[in-house]
Each structure stands twice: as C-alpha cells, then as structure tokens.
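To start, the structure itself, in structure tokens.
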Amino acid sequence: MTEPATRTETGVSQLRCIGCGRTALPDRFRCEHCRDLLEIVYPGWEDGGPQGLSSSALEKLWRQRAASFDPADRSGVWRFREVLPEIAPGEIITIREGNTPVYELPRCAKSIGIKHLVAKHQGMNPTGSFKDTGMTVAASFARHAGYKWVACASTGNTSASMAAYAARGGLHSLVLIPDGKISWGKLSQSLDYGALTCQLKTDFDGCVRVLNEIVERMPVYLLNSVNPYRVEGQKTVAYELLEQMSWQAPDHIIVPGGNLANSSAIGKALREMKQLGFISRIPKVSVIQAEGANPLVRTIRETGGEKLIPVHADTMATAIRIGNPASWKKALRVIRETGGTVEQVSEVEIASAKAEIGAEGVGCEPASAVTLAGLKKLVEQGFVEPNERVVLVLTGHALKDADFTLRFHRGDLFEGTPHAAEAVGLKSQQRSPVVLEPKVDAVIDLLRSAEP
Ligand code: F0G
C-alpha cells in the first residue's frame, strides 16, 4: 500500500469543525482540537453565490444539463456541481446516480388523513439506495487524493454502494459488516462488486470501532458517513427534490434515522438553498427511528439534546440497526433549525407501513418505511396538519430485503417474537402466494373469489 497525499486542492471548499469552527485538512474526519465532526463550507459563496451565479442562473444551468449526454451532466449529483467540492470532471467516478423519481402516494395519504403526500425514492439509485449520491463524491475524492484502498463499516447499503464505486474507479475496497445482521441481497452486492468483505461477530457499532482503528494505522480512506464528502453528495437529493417541486418548498420532509447523516445532509442543503435564495422558507425535517434503535429519540426526550444516549440496537429494519450514531449533533441541529421533531415506531408499525407503500406499486425496504409509520403518528399528534405538503424520503429499494417481504406476506415474520400478538392485526395486508394444481378452472375459481 502506498501513502496517499494528505493535502489536496479542492477549489473553493473548506473543511470546518461543527463544534469550534476551526478549519481542517481536506482528508480529515474529526477536528484535531475538539474531536467534533467536520463539514464542508464554501467561503466563496459570500461574493454573489457559487461562481458568482444567481439562483435563477443555476436553476437554468442545472435543467439544461439534465438533457446532456456527458456522464457528469447525466449524474443527478454532479449536475449540481456548483454546490459541491471541486473535482475535475475527468476524475469523477459516476454510475449515473441521483435523478430519482418523486411518486405521489394517494392511498397512503387518504388512509392517514392528509391531502398531499409524495415519496422521493432514493432506492432508485444504481445500487438501490441513497448511499450512491454521497459515494460518488467521496469515492471520487479518495481517488483524487491518491488513495488505493477505501473502507466502510456498514449495515449493508453503504458497503454495496462503496464496493460498486470503488470497482468503477479502480480502487480496492474493504467492507466490515455485522455477521448475520444484514440482508443477503446487500451482502451479495458487495461480493459481486469485488470488495474484500469481512463479517465481524459484532453489531454495526462494533464494526465502526474496529474500522476507526484500522484507518488510523493503514493508508485506507474511510467512507463511512462521518466523511464530509459523502454528506455533500447526499445533500443533492434536496436540491433535486426542490427542482422537481418547481422550487416551492414542501411543509415537511420525513427521513429515517440511523447513523443520522442523511437527515444532516438534507438539512445542510435546505440551509444553503435558503442562503442562496432558491427558497424563502425552510421545510420542517423530522427524523423517525425504530423503537429498538432509538438513540436520537431518547437523547432529545431524556436530555433535551444535551448528551447522546447510546442504546443496544435491535430491529428487523437492519439498515437502521444503529445504537451510537456518529452524526447525532448535526441531525439535532437540523431538527432544531427547521422546527422538525423525532418519533419512534414499532416493528409491527414498520411492517404495516412497508406493505402500504408496496401496495401503491412503489415499494421500499423496511428502514425506509419508518417514514410513513412515523408520519401517521405525527398526524395523530397534530404536528402535521391535513393540508400540509409532506415528502417521505424512501432510502432503499424493495428488493434490498426481499426476505422480509416474503416472510411478512407468508405471515411468519413475527413468529416467536414478542410482537406476535400485535402482528395479528396485519392479516388484512398479507397476500401469501397460493399454490394450485396447474388447472385453468382452479385459477379461474381463485380469480372469481378475489374479485373486489
Ligand atoms: N435507510 C437505509 C436504507 C439505510 O441503509 C440507512 C443507513 C438509513 C436509512 C439511515 O441513514 O445512517 O444516514 O441516518 N445505512 C447505513 C449503511 C448505516 O451502512 O448502509 P443514516
């Protein structure tokens, strides 16, 4: 392994500590003085916007790029490159991430009792999750900075994404995942894309601890979401969403919470869009966690956000099975600044919400469905009002965890768990496959009995 460069030219962007405000070298993850996380800032924006361009000039430029065939323009991340760290177009590693659809969810809206509900489906990215939008920026930076190896600890989606971008960019990748606690679909992706994949006999938080020491001792670039370049890429989802909504801000954006980088990234973009004049009002950003993996909910409710309460995480929504979230301070700032909130949802509520999103013909993985389950509660509490415009950020594709879906519909997902009694209420949503003799009449009889 060769030592990478430690100082690189990244144009007008700078790394700054979120705690003490000191600047840091471009390939650091924490402040050397106070150990807080870093974020990327753009001092140049103070002189009339990115590269001196107004918000309306940028809106026009970004729309034009969507019609181009240039790989950097085709990317729904690099299309917004004026608000990203500078990386030469030839150095970009892209698999045409971003440009994800916004779907209306009329039946979900009706059942909850609100009028305007849409899903921004980040599961429609190349490796099936929102991670690709951040990975294209951070992997490009890793290669630009001269690293040969990249690494992450993951609940499965980051690793799938990292492995793909590393392979596309000619980098080697090391994956640490919790043994037996990620879906086989995600595991298979990291194998397929050629990562050196280690299943550690611990949970996600344990994998992070091991990896943090490895990157101290080896010239390996960390691609977990403490990486500020990942956050920059992930923030573009909010620019793209606002573009899709004709730059009219919705009232609420609801995001699942795990390591809490996604909510941080979306909040950062909203703050920037207000600063740059794209929007005049910032929507509320609310974060939903699984009851069994609820450190942010507990931190806010029990300490008023003063001190992180780590938990021993357990949920079938394995993507967000995280007890010690790295970006909790960034997410907390977003919730406070935007006037959003936190909520937690049960395993059965997650499964039910996932089936409702599936029944709209959209589908998502379990972790994404916490958004709809949480929204139900926020409407019941009166925090979200019936005529407000709400966006759910769906983070992963339905096929990411097909096992969960099959077991849900067969009715054995909660068998032998403490949730079995509560799960009885899910029967009406379950559509188990029917095994029949290969006879026309048998299928016709079934068809008749199924007619609504
Ligand atoms: N939804 C999905 C599908 C995820 O994979 C994750 C995180 C989240 C939500 C939570 O996002 O961490 O930014 O709050 N997955 C990570 C991984 C941790 O390793 O794939 P967050």
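Numbers at a glance
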| item | result |
| --- | --- |
| Long pairs among K120/K377; K110/K376; K330/K400; K131/K400; K115/K376; K148/K181, criterion Cα-Cα beyond 23 Å | K330/K400; K148/K181 |
| The chain, accessible area per residue, ligands and nucleic acids excluded (1.4 Å, Å²) | 42 |
| Reciprocal mean inverse distance between Cα atoms of segment 175-240 - Kirkwood radius, Å | 13.5 |
| Rounded to 10°, Cα long-axis angle of helix 328-338 versus longest principal axis of the chain | 80 |
| For q = 0.14, 0.25 Å⁻¹, Debye-computed log10 I/I(0) when each Cα of segment 305-409 counts as one equal scatterer | -0.62, -1.43 |
| Estimated 222 nm signal from helices in the chain, with DSSP H stretches of n ≥ 4 weighted -39500 (n - 2.57), rounded to 500 | -12000 deg cm²/dmol |
| Relative frequency of Cα-Cα separations exceeding 27 Å in segment 1-137, percent | 39 |
| DSSP beta bridges in the chain [antiparallel fraction, %, rounded to 5] | 25 |
| Segment 16-146: relative contact order in percent, alpha carbon pairs under 8 Å with at least 6 residues between | 16 |
| Unit charges at the beta carbon, dipole of the chain: most positive-side option, L196, G374, I40 | I40 |
| Part-to-part distance (alpha-carbon centres) for segment 84-122 and segment 141-215, which is given in Å | 24 |
| Cα extents of segment 135-220 along the three principal axes, largest first (Å) | 34, 28, 18 |
| Size of electric dipole in segment 171-326: Cβ of Lys, Arg +1 and of Asp, Glu -1, about Cα centre, debye, nearest 20 | 240 |
| Packing-based ranking, highest mean first, of 26-37, 195-206 given that Cβ atoms within 10 Å are counted | 195-206, 26-37 |
| Simple label model, 7 Å out from Cα along Cβ direction - E46 to Q64, nm | 3.0 |
| Length-normalised contact order for the chain - Cα pairs under 8 Å, 6+ apart - percent | 15 |
| Degrees, to the nearest 10: 157-169 long Cα axis against longest axis of the chain | 50 |
| Inter-label distance, nm, simple model (7 Å from Cα along the C-beta direction), K115/S428 | 2.6 |
| Packing rank of 333-346, 362-375, where each peptide gets the mean count of other beta carbons within 10 Å, highest leading | 362-375, 333-346 |
| Prolate/oblate/rounded call for segment 120-181, Cα gyration tensor, a/c under 1.5 rounded | oblate |
| At 1.567 mPa s and 4 °C, Stokes D of the chain from Kirkwood alpha-carbon radius, µm² per second | 58 |
| Of all accessible heavy-atom area on segment 34-96, the percent that carbon and sulfur account for (1.4 Å) | 50 |
| Segment 69-135, relative contact order [Cα under 8 Å, separation at least 6], % | 28 |
| Protection proxy ranking, peptides 134-140, 305-311, average beta carbon neighbours within 10 Å, highest first | 134-140, 305-311 |
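The values are calculated or read from the model by the stated rules, or taken from the named source; none is laboratory data. Small disclaimer: the values here were computed from a predicted structure and weren't measured. As a convention, Cβ positions derive from the backbone with ideal geometry for all residues, glycine included, and neighbour counts pool all protein chains shown. For accessibility, only protein heavy atoms count, side chains too; no ligands or nucleic acids. Shrake-Rupley method; radii C 1.70, N 1.55, O 1.52, S 1.80 Å.
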